[in-house]
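Below is one structure, written out as C-alpha coordinates; comments come after it.
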Amino acid sequence: MSGKNKFGFGPIAADPVSPRRRDVGPMGAAVREAASSMTESTESLVEQRRQNAQDAKAFRAAQSEGRVLVALPLDEIRIDALPRDRMDLSAVAASDEMEELKASIRERGQKEPIEVFRDAAGNYQLKKGWRRLTALQQLRVESGDDRFGHAIARVAEGAASRIDLYIDMVEENVIREDLSFAEMAQVAITAAREDTMDGQSAEALVGRLYASLHKMKRSYIRSFVFLLEELGEALRFPKAVARNLGVEVARKLQAQPDLSPRLRQSLTGVASAEDQAEILRRFVESPAPDVAREKPEARQKSVKYEFHVGATKITARKGECRILSETDFSSVDRRRLQRAIEAFEAVLREG
(Lines give C-alpha, C1' and ligand atoms only; values in the text may rest on other atoms or scores of the structure.)
Protein backbone atom coordinates (compact mmCIF):
# COMPACT_ATOMS: atom_id res chain seq x y z
CA MET A 1 0.00 0.00 0.00
CA SER A 2 1.44 3.27 -1.05
CA GLY A 3 2.24 5.74 1.60
CA LYS A 4 1.13 8.59 -0.65
CA ASN A 5 -2.24 10.16 -0.34
CA LYS A 6 -4.53 11.12 -3.17
CA PHE A 7 -2.68 14.33 -3.68
CA GLY A 8 0.45 12.45 -4.66
CA PHE A 9 2.71 13.17 -1.74
CA GLY A 10 3.50 11.31 1.36
CA PRO A 11 3.41 12.52 4.98
CA ILE A 12 5.88 15.16 5.88
CA ALA A 13 8.65 13.81 8.13
CA ALA A 14 8.40 15.44 11.52
CA ASP A 15 11.45 17.04 13.04
CA PRO A 16 12.63 15.48 16.33
CA VAL A 17 10.69 17.03 19.22
CA SER A 18 12.99 18.97 21.47
CA PRO A 19 11.98 19.45 25.16
CA ARG A 20 10.52 22.83 25.91
CA ARG A 21 12.93 25.07 27.72
CA ARG A 22 11.48 26.86 30.70
CA ASP A 23 13.74 29.65 31.86
CA VAL A 24 13.04 31.02 35.33
CA GLY A 25 11.84 34.52 35.18
CA PRO A 26 12.72 37.33 37.60
CA MET A 27 9.67 36.66 39.77
CA GLY A 28 10.38 32.95 40.02
CA ALA A 29 14.01 33.57 40.92
CA ALA A 30 12.93 35.98 43.62
CA VAL A 31 10.44 33.46 45.02
CA ARG A 32 13.01 30.66 45.02
CA GLU A 33 15.58 32.85 46.71
CA ALA A 34 13.08 33.95 49.33
CA ALA A 35 12.06 30.34 50.01
CA SER A 36 15.69 29.24 50.32
CA SER A 37 16.47 32.16 52.62
CA MET A 38 13.42 31.40 54.74
CA THR A 39 14.48 27.76 55.13
CA GLU A 40 17.97 28.78 56.19
CA SER A 41 16.58 31.41 58.58
CA THR A 42 14.19 28.87 60.15
CA GLU A 43 17.00 26.36 60.69
CA SER A 44 19.21 29.09 62.13
CA LEU A 45 16.41 30.29 64.39
CA VAL A 46 15.72 26.77 65.63
CA GLU A 47 19.43 26.26 66.39
CA GLN A 48 19.63 29.63 68.13
CA ARG A 49 16.61 28.85 70.27
CA ARG A 50 18.04 25.46 71.15
CA GLN A 51 21.34 27.08 72.15
CA ASN A 52 19.53 29.77 74.17
CA ALA A 53 17.52 27.13 76.03
CA GLN A 54 20.72 25.21 76.75
CA ASP A 55 22.48 28.36 77.95
CA ALA A 56 19.52 29.32 80.14
CA LYS A 57 19.50 25.86 81.70
CA ALA A 58 23.26 26.04 82.37
CA PHE A 59 22.85 29.53 83.86
CA ARG A 60 20.05 28.42 86.18
CA ALA A 61 22.16 25.45 87.29
CA ALA A 62 25.16 27.71 87.92
CA GLN A 63 22.96 30.18 89.78
CA SER A 64 21.46 27.48 91.98
CA GLU A 65 24.96 26.21 92.78
CA GLY A 66 26.22 29.70 93.66
CA ARG A 67 28.63 29.98 90.72
CA VAL A 68 27.22 33.22 89.34
CA LEU A 69 28.91 36.44 90.46
CA VAL A 70 26.99 39.68 90.91
CA ALA A 71 27.91 43.22 91.97
CA LEU A 72 25.99 44.16 95.12
CA PRO A 73 25.88 47.63 96.71
CA LEU A 74 27.66 47.56 100.07
CA ASP A 75 24.63 49.10 101.77
CA GLU A 76 22.52 46.11 100.79
CA ILE A 77 24.78 43.57 102.52
CA ARG A 78 24.10 42.88 106.20
CA ILE A 79 26.24 40.99 108.71
CA ASP A 80 23.81 40.39 111.59
CA ALA A 81 22.50 36.92 110.69
CA LEU A 82 25.61 35.01 111.77
CA PRO A 83 28.14 35.70 114.51
CA ARG A 84 31.58 36.18 113.06
CA ASP A 85 34.25 33.57 113.68
CA ARG A 86 36.61 36.30 114.96
CA MET A 87 36.73 37.24 118.61
CA ASP A 88 38.16 40.75 118.22
CA LEU A 89 36.79 42.20 115.00
CA SER A 90 37.89 45.75 115.78
CA ALA A 91 41.50 44.61 116.09
CA VAL A 92 41.29 42.75 112.77
CA ALA A 93 39.76 45.82 111.08
CA ALA A 94 42.71 47.96 112.24
CA SER A 95 45.44 45.38 111.62
CA ASP A 96 48.39 45.54 109.23
CA GLU A 97 46.86 42.61 107.33
CA MET A 98 43.76 44.72 106.66
CA GLU A 99 45.94 47.53 105.27
CA GLU A 100 47.67 45.04 102.98
CA LEU A 101 44.32 43.75 101.75
CA LYS A 102 43.11 47.29 101.09
CA ALA A 103 46.28 48.07 99.12
CA SER A 104 45.72 45.00 96.96
CA ILE A 105 42.08 45.88 96.25
CA ARG A 106 43.01 49.50 95.56
CA GLU A 107 45.57 48.47 92.95
CA ARG A 108 44.03 45.36 91.39
CA GLY A 109 40.37 45.40 92.42
CA GLN A 110 38.49 42.75 94.33
CA LYS A 111 39.75 39.43 92.98
CA GLU A 112 38.09 37.05 95.43
CA PRO A 113 34.28 37.28 95.74
CA ILE A 114 32.46 37.35 99.05
CA GLU A 115 29.57 34.96 99.61
CA VAL A 116 26.09 35.98 100.71
CA PHE A 117 22.69 34.37 101.22
CA ARG A 118 19.16 35.69 101.53
CA ASP A 119 17.48 35.64 104.93
CA ALA A 120 13.77 35.14 105.55
CA ALA A 121 13.12 38.84 104.87
CA GLY A 122 14.94 38.70 101.53
CA ASN A 123 17.99 40.66 102.71
CA TYR A 124 21.50 39.78 101.59
CA GLN A 125 23.40 38.40 104.58
CA LEU A 126 27.16 37.85 104.64
CA LYS A 127 28.33 34.27 104.88
CA LYS A 128 32.01 34.47 103.86
CA GLY A 129 34.40 37.34 103.30
CA TRP A 130 34.08 39.67 106.30
CA ARG A 131 37.60 41.05 105.79
CA ARG A 132 37.05 41.74 102.08
CA LEU A 133 33.75 43.47 102.80
CA THR A 134 35.34 45.52 105.59
CA ALA A 135 38.25 46.51 103.33
CA LEU A 136 35.82 47.76 100.66
CA GLN A 137 33.84 49.72 103.25
CA GLN A 138 36.98 51.39 104.55
CA LEU A 139 38.21 52.18 101.04
CA ARG A 140 34.89 53.79 100.11
CA VAL A 141 35.02 56.02 103.20
CA GLU A 142 38.68 56.91 102.75
CA SER A 143 38.62 57.58 98.99
CA GLY A 144 35.01 58.40 98.18
CA ASP A 145 35.53 56.40 94.99
CA ASP A 146 32.35 54.83 93.61
CA ARG A 147 34.23 51.76 92.42
CA PHE A 148 34.49 50.69 96.06
CA GLY A 149 30.75 51.02 96.55
CA HIS A 150 29.98 47.51 95.28
CA ALA A 151 31.20 44.06 96.28
CA ILE A 152 31.60 41.18 93.86
CA ALA A 153 29.54 38.44 95.48
CA ARG A 154 28.45 34.89 95.00
CA VAL A 155 24.81 34.48 96.04
CA ALA A 156 23.97 31.14 97.62
CA GLU A 157 20.53 30.11 96.41
CA GLY A 158 18.10 27.83 98.21
CA ALA A 159 17.41 27.28 101.88
CA ALA A 160 20.25 26.15 104.11
CA SER A 161 20.19 24.90 107.69
CA ARG A 162 21.82 26.94 110.42
CA ILE A 163 24.50 24.33 110.96
CA ASP A 164 25.35 24.46 107.23
CA LEU A 165 25.62 28.25 107.39
CA TYR A 166 28.01 27.97 110.34
CA ILE A 167 30.09 25.35 108.52
CA ASP A 168 30.32 27.50 105.38
CA MET A 169 31.29 30.53 107.46
CA VAL A 170 34.27 28.87 109.17
CA GLU A 171 35.30 26.58 106.33
CA GLU A 172 37.39 29.12 104.43
CA ASN A 173 39.42 30.27 107.44
CA VAL A 174 39.82 26.74 108.79
CA ILE A 175 41.28 25.58 105.48
CA ARG A 176 43.70 28.52 105.58
CA GLU A 177 44.54 27.68 109.21
CA ASP A 178 43.69 31.26 110.07
CA LEU A 179 41.55 30.65 113.17
CA SER A 180 42.84 30.08 116.68
CA PHE A 181 41.55 27.12 118.69
CA ALA A 182 39.79 29.54 121.01
CA GLU A 183 37.95 31.14 118.07
CA MET A 184 36.92 27.77 116.70
CA ALA A 185 35.67 26.76 120.14
CA GLN A 186 33.75 30.03 120.49
CA VAL A 187 31.89 29.36 117.23
CA ALA A 188 30.71 26.01 118.62
CA ILE A 189 29.68 27.63 121.91
CA THR A 190 27.73 30.37 120.13
CA ALA A 191 26.01 27.88 117.85
CA ALA A 192 25.00 25.70 120.81
CA ARG A 193 23.08 28.62 122.32
CA GLU A 194 20.71 28.79 119.34
CA ASP A 195 17.32 27.15 119.61
CA THR A 196 17.71 25.80 116.06
CA MET A 197 20.45 23.41 117.25
CA ASP A 198 17.96 21.27 119.18
CA GLY A 199 19.84 21.48 122.46
CA GLN A 200 23.11 20.03 121.13
CA SER A 201 26.08 20.88 123.30
CA ALA A 202 29.03 22.87 122.01
CA GLU A 203 31.22 19.81 122.43
CA ALA A 204 28.89 17.75 120.24
CA LEU A 205 28.72 20.49 117.59
CA VAL A 206 32.52 20.47 117.22
CA GLY A 207 32.23 17.16 115.37
CA ARG A 208 29.77 18.67 112.86
CA LEU A 209 31.32 22.10 112.41
CA TYR A 210 34.86 20.79 111.98
CA ALA A 211 34.21 17.38 110.44
CA SER A 212 36.93 18.01 107.81
CA LEU A 213 39.65 18.41 110.46
CA HIS A 214 41.73 15.59 111.90
CA LYS A 215 40.22 14.04 115.01
CA MET A 216 43.19 15.25 117.08
CA LYS A 217 42.45 18.86 116.14
CA ARG A 218 38.80 18.33 117.03
CA SER A 219 39.98 17.05 120.40
CA TYR A 220 41.97 20.26 120.91
CA ILE A 221 38.91 22.35 120.01
CA ARG A 222 36.80 20.43 122.55
CA SER A 223 39.42 21.16 125.21
CA PHE A 224 39.12 24.87 124.42
CA VAL A 225 35.32 24.61 124.50
CA PHE A 226 35.61 23.30 128.04
CA LEU A 227 38.20 25.95 128.93
CA LEU A 228 36.09 28.86 127.67
CA GLU A 229 32.90 27.59 129.28
CA GLU A 230 34.63 26.87 132.57
CA LEU A 231 36.57 30.12 132.92
CA GLY A 232 34.15 32.42 131.11
CA GLU A 233 35.01 36.12 131.15
CA ALA A 234 37.88 35.52 133.55
CA LEU A 235 39.89 34.40 130.50
CA ARG A 236 40.33 37.88 128.99
CA PHE A 237 42.69 36.91 126.15
CA PRO A 238 41.47 33.54 124.89
CA LYS A 239 43.01 33.94 121.41
CA ALA A 240 46.44 34.28 122.98
CA VAL A 241 46.29 30.92 124.78
CA ALA A 242 48.69 28.52 123.10
CA ARG A 243 47.29 25.18 122.05
CA ASN A 244 49.31 22.93 124.39
CA LEU A 245 48.89 25.26 127.36
CA GLY A 246 45.13 25.47 126.85
CA VAL A 247 44.80 21.70 126.55
CA GLU A 248 46.84 21.11 129.71
CA VAL A 249 44.79 23.62 131.71
CA ALA A 250 41.57 22.03 130.50
CA ARG A 251 42.75 18.54 131.45
CA LYS A 252 43.70 19.64 134.93
CA LEU A 253 40.37 21.39 135.46
CA GLN A 254 38.49 18.35 134.20
CA ALA A 255 40.39 16.14 136.62
CA GLN A 256 39.98 18.61 139.53
CA PRO A 257 36.92 20.80 138.94
CA ASP A 258 37.23 22.24 142.46
CA LEU A 259 40.28 24.21 141.24
CA SER A 260 38.21 26.32 138.82
CA PRO A 261 37.19 29.02 141.32
CA ARG A 262 40.78 29.51 142.40
CA LEU A 263 42.00 29.84 138.79
CA ARG A 264 39.21 32.27 137.89
CA GLN A 265 40.16 34.38 140.89
CA SER A 266 43.82 34.40 139.84
CA LEU A 267 42.88 35.53 136.33
CA THR A 268 40.60 38.34 137.47
CA GLY A 269 41.95 41.71 136.40
CA VAL A 270 44.90 40.31 134.42
CA ALA A 271 46.43 43.15 132.41
CA SER A 272 48.00 41.42 129.42
CA ALA A 273 48.09 38.19 127.45
CA GLU A 274 51.62 37.56 128.77
CA ASP A 275 50.46 37.83 132.40
CA GLN A 276 47.55 35.53 131.62
CA ALA A 277 49.87 32.94 130.06
CA GLU A 278 52.15 33.07 133.12
CA ILE A 279 49.22 32.42 135.48
CA LEU A 280 48.06 29.49 133.37
CA ARG A 281 51.56 28.01 133.26
CA ARG A 282 51.92 28.27 137.04
CA PHE A 283 48.52 26.63 137.43
CA VAL A 284 49.55 23.67 135.27
CA GLU A 285 52.92 23.25 136.98
CA SER A 286 51.63 23.54 140.55
CA PRO A 287 50.97 20.25 142.37
CA ALA A 288 47.39 19.30 143.14
CA PRO A 289 46.63 20.66 146.64
CA ASP A 290 44.88 17.59 147.94
CA VAL A 291 47.55 15.21 146.66
CA ALA A 292 50.37 17.38 148.00
CA ARG A 293 48.93 17.48 151.51
CA GLU A 294 47.87 13.85 151.66
CA LYS A 295 50.36 11.37 153.10
CA PRO A 296 51.15 8.17 151.16
CA GLU A 297 49.85 5.95 153.93
CA ALA A 298 46.60 7.89 154.01
CA ARG A 299 46.11 7.32 150.28
CA GLN A 300 46.67 3.60 150.70
CA LYS A 301 44.03 3.38 153.44
CA SER A 302 41.34 5.29 151.53
CA VAL A 303 37.94 3.61 151.57
CA LYS A 304 36.41 2.42 148.30
CA TYR A 305 33.09 0.76 147.56
CA GLU A 306 30.91 -0.01 144.56
CA PHE A 307 27.20 -0.53 143.91
CA HIS A 308 24.71 -0.57 141.01
CA VAL A 309 21.64 1.50 140.25
CA GLY A 310 19.92 -0.39 137.49
CA ALA A 311 22.51 -0.87 134.74
CA THR A 312 24.68 1.98 136.08
CA LYS A 313 27.77 1.13 138.15
CA ILE A 314 28.88 3.55 140.87
CA THR A 315 32.41 3.54 142.30
CA ALA A 316 32.98 5.78 145.33
CA ARG A 317 36.19 6.74 147.09
CA LYS A 318 37.57 9.84 148.73
CA GLY A 319 37.23 12.79 146.37
CA GLU A 320 35.88 10.67 143.52
CA CYS A 321 32.56 9.25 142.41
CA ARG A 322 32.70 7.38 139.10
CA ILE A 323 29.53 6.64 137.12
CA LEU A 324 29.83 3.95 134.46
CA SER A 325 26.78 3.84 132.25
CA GLU A 326 25.69 3.02 128.70
CA THR A 327 24.52 6.64 128.42
CA ASP A 328 26.57 8.81 126.06
CA PHE A 329 27.08 11.75 128.41
CA SER A 330 28.82 13.78 125.68
CA SER A 331 25.51 13.92 123.82
CA VAL A 332 23.66 15.33 126.84
CA ASP A 333 23.23 19.09 126.88
CA ARG A 334 25.82 20.58 129.22
CA ARG A 335 23.29 22.73 131.10
CA ARG A 336 21.03 19.73 131.65
CA LEU A 337 23.95 17.65 132.91
CA GLN A 338 25.01 20.51 135.17
CA ARG A 339 21.52 20.66 136.71
CA ALA A 340 21.66 16.93 137.34
CA ILE A 341 25.01 17.24 139.14
CA GLU A 342 23.74 20.19 141.16
CA ALA A 343 20.73 18.12 142.23
CA PHE A 344 23.12 15.27 143.12
CA GLU A 345 25.20 17.57 145.32
CA ALA A 346 22.08 19.07 146.90
CA VAL A 347 20.93 15.60 147.97
CA LEU A 348 24.36 14.89 149.47
CA ARG A 349 24.28 18.15 151.45
CA GLU A 350 20.77 17.45 152.75
CA GLY A 351 21.80 13.98 153.87
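The values are calculated or read from the model by the stated rules, or taken from the named source; none is laboratory data. Please read these numbers as outputs of a predicted model, since none were measured by experiment. Cβ placement follows ideal geometry from the backbone for every residue including glycine, while neighbour counts extend to all protein chains displayed. We work out accessible area using only protein heavy atoms, side chains counted, and drop any ligands, DNA or RNA first. Shrake-Rupley method; radii C 1.70, N 1.55, O 1.52, S 1.80 Å.
Descriptive notes on the structure:
- Computed Rg/Rh of segment 122-278, alpha carbon atoms with Kirkwood Rh: 1.05
- Ordered from highest to lowest accessible area with the whole protein assembly present and a 1.4 Å probe, Thr312, Thr39 read as Thr39, Thr312.
- Solvent-accessible area of Glu142 with every protein chain in place, 1.4 Å probe, in Å² to the nearest 10: 110 Å²
- Rg then Dmax, both in Å and based on the Cα atoms of segment 219-279: 10.5, 29.
- Largest accessible area first, the listed residues Ser219, Ser180 line up as Ser219, Ser180 when surface is computed with a 1.4 Å probe on the assembled protein chains.
- Charge context of Asp146, other residues only, Cβ under 13 angstrom, K/R +1, D/E -1: 0
- For Glu171, the accessible surface of its heavy atoms amounts to roughly 80 Å² (probe 1.4 Å, protein chains only, rounded to the nearest 10).
- At 1.002 mPa s and 20 °C, Stokes D of segment 90-142 from Kirkwood alpha-carbon radius, µm² per second: 179 µm²/s
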